[in-house]
Structures are given as structure tokens and as C-alpha cells.
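Here's the structure we're looking at; comments come further down.
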Amino acid sequence: MTSGSELVVPIRTEIDVVIARQRARELASQLRFSSSELTLIATAISEVARNIVIYAGGGEITLRIVEQGPRRGLVVFASDRGPGIADIERAMQDGYSTSRGLGIGLPGSKRLMDEFVVSSEVGKGTVVTMTKWER
């Protein structure tokens, strides 16, 4: 897998969530995504970035254009040094939330993207890696 352009957006506040969405749209527009696919990407980024603000108090979103053979896509790494997720399987269930949210953040983001992986260690933080491939 080869990488192209990369952008890092620090996430601390709700404003940073909006900035991450905008930067992702700008970067992803270099690829052949429809406007609805760009909206799906922006929505998935909003969800994981908002989780960083709510649960970890800060982190970053790294956006990278990648090529894998003939395929090109956008990889999103959302990382933090927050408390981590004790039960990833439970966190990936619709309706589960440790805050007063709707519990659609992680599972919703997974449905919007083509690939989705969560790795987390309690007390060390969480990394969500999600990819959207050109059709």
C-alpha cells in the first residue's frame, strides 16, 4: 500500500471536529468520490472526532490518500490518549453509550466506511482506522 497526501488535524473542541470534516472533504475531493460519499466520510469523521472530544479530551485525526494496486482511497486514523475502551465489542453495539449520547458513533461510522478497525488499551487510548475506497 502506498501513501499519497497526508494531513493531521488536532482535535480538542467541537470547532476542530468541523475543521476535520472540512479537511477530509478537501483531501477526498482529489479522489473520485460522489458528493454523497464525501458526506458519508465527513459524517464518519464527525462521529469519531466527537468521541475524541467527549471521552478523551483531545487527540488527532490523520487523513491519508492511499493506493493499493489499482484502488485509491482515503484512510482516516482517529487517535487519542484517553481512558481507552474497556469493552470494544459492547461499544460497537448500536445504542450503547457511556455518555448520554445515542450510541451510534462507532457502529454508525463503521457502516459508513468500507473498512473499520478499533484498537484500544484501557489507560492508554484508542485508535480508530477507517477507509473509504473509490468505487
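Values quoted throughout were computed directly from the atomic coordinates according to the rules given, and no laboratory measurement underlies them. The structure presented is a predicted model; accordingly, all values stated were derived computationally and were not measured. Ideal geometry is used to build each Cβ from the backbone, glycine not excepted, and the neighbour counts take in all protein chains shown.
Residues are listed down the side, and each one gets a yes or a no for (1) among the polar types (S, T, N, Q); (2) farther than 15 Å from Asn51 by Cα:
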site	(1), (2)
Val8	no, yes
Glu14	no, no
Val17	no, no
Ala20	no, no
Leu27	no, yes
Gln30	yes, yes
Phe33	no, yes
Glu37	no, yes
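For segment 27-37, give me each residue that is assigned to a loop (DSSP other than H, G, I, E, B) and not aromatic (Phe, Trp, Tyr).
Correct list: Ser29, Gln30, Leu31, Arg32, Ser34.
Test each condition in (1) more than 24 Å from Glu121 (Cα to Cα); (2) part of a strand (DSSP E or B); (3) without any contact (Cβ under 8 Å) to a residue 60 or more places away in the chain for Ala24 and report the one that comes out false.
Of everything listed in (1) more than 24 Å from Glu121 (Cα to Cα); (2) part of a strand (DSSP E or B); (3) without any contact (Cβ under 8 Å) to a residue 60 or more places away in the chain, Ala24 misses just condition (2).
Restricting attention to segment 1-21, which residues are under 27 Å from Ala86 (Cα atoms), touching a strand residue (DSSP E or B) at 6+ places or on another chain (Cβ under 6 Å) and not in a strand (DSSP E or B)? Please lay out each step first, then the result.
Of segment 1-21, the ones under 27 Å from Ala86 (Cα atoms) are 8-14, 16-17, 20.
After this cut, where a residue has to be touching a strand residue (DSSP E or B) at 6+ places or on another chain (Cβ under 6 Å) as well, the list is 8-11, 20.
Of everything in segment 1-21, just one residue is under 27 Å from Ala86 (Cα atoms), touching a strand residue (DSSP E or B) at 6+ places or on another chain (Cβ under 6 Å) and not in a strand (DSSP E or B), namely Ala20.
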